[in-house]
Structures are given as C-alpha cells and as structure tokens.
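Notes to accompany the following structure.
The values are calculated or read from the model by the stated rules, or taken from the named source; none is laboratory data. Just so it is clear, the model here is predicted, and its values are computed rather than measured. Note that we place each Cβ from the backbone using ideal geometry, even for glycine, and neighbour counts take in every protein chain shown. Side chains are part of the model used for accessible areas, which takes the heavy atoms of the whole protein and leaves out ligands, DNA and RNA. Shrake-Rupley method; radii C 1.70, N 1.55, O 1.52, S 1.80 Å.
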Amino acid sequence: MRLAALLLSLCLLPATVAAAEIERIWLTCNAPQPDRIVVNWQSDQPGDSVVHFGLSPEKLQTVSQPGNTRLHHVEIPLTKQDTVYHYAVQTGNEKSSLATFKAFPTDVLRIAVAADWQSLPDLSHLRQDDVHLLLTAGDNIRNLWQACGPGNPDCIKPYMQLIGKYPQLFRSTPFMPVLGNHDREAHPRGKQPPEHAVYDVDATAFRSVFALPDDEWKWHFDIPEFDLRLIALDFNHTSDFGTTWQTCHPFDHDSAQYRWYAQLTRTNPGHTVTLYNERNATMRGKLKGDWQKLFQRGTLCVTGFGYFAERAEVDGLTCYNTSLSGTGTKYPDPHSKFLASQDSYLLLTCERKTGAMTAELKNLKGEVLDRQMFPAAKSR
C-alpha cells in the first residue's frame, strides 16, 4: 500500500507543478496609439498563450495564440476608454488570478517617468499617483552578467527579478521602458575596453521581454486625445561609441535614429516628450548642436543619466534628470534651475480640456520637489 501511494504521488507531481499560478505578468504597448495593449507573462512550462479579458469578471472574451514558449506576448483590443478591464492569463494548466488595469482616460492623463531601478526601492507613493502609463529613462536593471554569467545577452533573469519585485504595479499599469547602458551590459565593464564587446547594442534580452512600438530600442507613442507624443531614443555613454564599450546605436546625421527622429518631429502634436539615458547637455551639443535643434521642436527632454533630480532651461527647452537612486554625485547642467540629491520620479499630468501639461519632480515620499506648467501648444 505504501509503495502504491508513493507511485501515485509521483504520478501526480507533474500535474501539480504544471498547475502553478502564473505570477510574473506585465503590460506594454506595441502599437503607436492607445487602442490596444499587450499582456505579457512568463510561465513555468512552455505552451500556448491565452488571455481572458473583458469589462466585467462575468463576461470575459478570449484571445489565444498557439505555440510552445515560456515567454508570452498577447495583444488585446481596447474598445472603451475611462473604464477598468479585467483579465487573466493561461498557459496549459497554469493560470493567473484575475487582475485589472485602467483604460486610457478622456479627461486627465497621468504618466510617471522613473530611471535607475537598480536599488529596487519602495514605490508605494508612485503607485498612489494612480498613473495610466509608466515610462522609464533608462537603466531598468543593474546588468545582465551578475544574474546570467558573462556573455549571455539573451538572458532575461534580471528583468524577471524587476517584474517580480513589483507584481501589482506591472500587472495593472502599462510599462514602456527606455534603454540605458546597464540594460545590455553582458560583461563586466572593467577599467579599460577589452578585446570583446561589453554591451549588447542590439539589447536582445530587453527586446524579447518588452513588446514596444517601432524597433523597440527606439519607439514613439501618440495619445491623440491629449495632443501628446512620447519618443524614446537610444543614447547612453555616447563618448564610448566606436570602442568595445559602445552601448547605444549610432546617432550621427546618417544614422537611422537621427533621420527617424527628424522626420517624426517635423510635425508635432501640442506636446512632445523625448526620453533617453545620456546627459542632457551632452546630447544638446552633439552634431554641433543639431540634436538640440531637433529637441527644440518638442516640449521637454527627460534622462536618467545622473543620480540626482534636476530641471534645466535652455533656449525654450526644458530638460529633466530623474533617478530612483538620486543621492549620487551631481553633474549639474550648465543651465540648471533646480538641483537636488533626492531619489525621484517625474509625474506628468495632462488635461484634455485645457491642453496644459504639468511636470512634477517628486521624491519617493510623494513630496513635490519642483513643479512646472506647460500651457497648451499649437500642433506644428
């Protein structure tokens, strides 16, 4: 009898493992407008990708993708604004609990921008801002090699650790990250450039985890109801370009991202926010100031280059630096107007009725460090 019981338990063990609850779930957008969303998750066992979703828990429809993968990306349509969607995911016998997210609003839009996630701090006050969209300004992980071993650019463990740290945040808020150098650091950097490339310029792991618009290493996202355009560029450690420390894509006049950004900003909505991970003053000076001329077509630039909170004003352009690890060495912008050694994030609030956008640098206690208002601007 004991042997029979043991054999029965061994037979049931795989089914028990396969029925584990799916916990690592995150939301992204891979289209340039907010009429759909991507539900992403990691399952313990490979299998198909199924999302059950709807406007009420009692009336859920299903989108299913056949396959045999552990990393899942399923796009679902958003047919209604100013409402809450309910959803759950499934792969084989593995299922998640029911979760919710807010559809994009029609009156007031709230967007948070955070950078330098390496310390994985308490973000409870950011969550209280109840944002509709969460962006970054680079350096979403510490590096790839510590969790994966050197030379594994496709290892996603650090990104799963990030998502696992904030499960409720990522399963309830669309997340659109921007690349930094740490996000593709596949080997220890060292004191001198080695013979091999240290960084994975293609950002293989990042792009496999996050379903984003365009090329994913650069992307744009328009929210027409608020006359708002968000643009992500790949700038970080630009002084290392051309060496084995190179981390970002080219940014010269003939580069794909310069030509793409120039075309994209030729006609702008009311407000354009540009995000990247290089020092603002450095990028304004690139190509003898031609990058600055392009930036000036928009409203503001946001970086996570430095470990401090800062606002700079130059020739009608507002430039922010924000960091969740904001107590490091300060490298003030020559045009700095506000500078503080505090952990921070940037909260953007857009009002559809007035067309105005408010930008607030906030510390992790929820206190406003700096506030600026940008009135409605004519599309151009």
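Roughly to the nearest percent, how much of the accessible area of region 176-294 is carbon and sulfur, given a 1.4 Å probe?
Numbers: 2070 of 4270 Å².
The C+S portion of the solvent-accessible surface of region 176-294 is 48 percent.
In nm, to one decimal, how far is the Q45 label point from the F241 one, both placed 7 Å along Cα→Cβ?
Spacing of the two 7 Å Cα→Cβ label points: 4.9 nm.
Nearest 500 deg cm²/dmol is fine: what mean residue ellipticity at 222 nm does the chain get from its DSSP H runs of n ≥ 4 alone, each adding -39,500 (n - 2.57), divided by its residue count? Don't skip to the end; give the middle numbers.
On the way: 9 runs with 68 residues, N = 380.
Taking each H run of at least 4 residues, the total per residue is -4500 deg cm²/dmol.
Based on the Cβ-Cβ distance from E58 to A31, what FRET efficiency comes out when R0 is 30 Å, to the nearest 0.05? Mind showing how you got there, number by number?
On the way: r = 28 Å, r/R0 = 0.94.
Efficiency, rounded to the nearest 0.05: 0.60.
Scan the chain and note any complete DSSP helix (H) whose C-alpha atoms cover at least 24 Å along its axis and whose Kyte-Doolittle average is 0.0 or more. Provide the component values of the computation, followed by the final result.
Details: long enough: 2-18 (25 Å, 1.94).
Membrane-span-like by this criterion, though nothing is claimed about a membrane: 2-18.
Which percent, nearest 5, of DSSP beta bridges in the chain are antiparallel? Mind showing how you got there, number by number?
Numbers: 63 of 84 bridges.
Around 75 percent antiparallel, to the nearest 5.
Distance check, please: which entries in K157/K362; K80/K102; K218/K286; K59/K95; K288/K330; K330/K362 exceed 20 angstrom between their Cα atoms? Mind dumping the intermediate values first?
Details: K157/K362 30 Å; K80/K102 10 Å; K218/K286 18 Å; K59/K95 18 Å; K288/K330 25 Å; K330/K362 18 Å.
With Cα atoms farther than 20 Å apart: K157/K362; K288/K330.
Treating the beta-carbon of each Lys and Arg as +1 and of each Asp and Glu as -1, no other charges, what is the dipole magnitude of the chain about its Cα centre, to the nearest 20 debye?
Here the size comes out at about 360 debye.
Just to be sure I understand: of the beta bridges DSSP finds with both ends in region 63-197, what percent are antiparallel, rounded to 5?
Values: 6 of 12 bridges.
Taking every DSSP beta bridge with both residues in region 63-197, the antiparallel ones total about 50 percent.
Once both labels are modelled 7 Å past Cα along the beta-carbon direction, what's the D202-E23 spacing in nm?
It works out to 3.3 nm between the two label points.
Quick one: 3J(HN,Hα) in Hz for region 21-38, Karplus 6.51/-1.76/1.60 with θ = phi - 60°, rounded, Gly and Pro as x.
Here the 3J(HN,Hα) series is 6, 6, 10, 8, 10, 9, 10, 9, 10, 10, 10, x, 9, x, 9, 7, 9, 10 Hz.
Tell me, how many Å apart are the Cα centres for region 175-203 and for region 345-363?
Each part's Cα centre sits 32 Å from the other's.
Using a probe radius of 1.4 Å on heavy atoms only, what accessible surface per residue do you get for the chain? Whole Å² is fine.
43
How high is the relative contact order of the chain, in percent, with contacts defined as C-alpha pairs under 8 Å that are six or more residues apart?
Details: 968 pairs, mean separation 52.7, N = 380.
Relative contact order, the chain: 14 percent.
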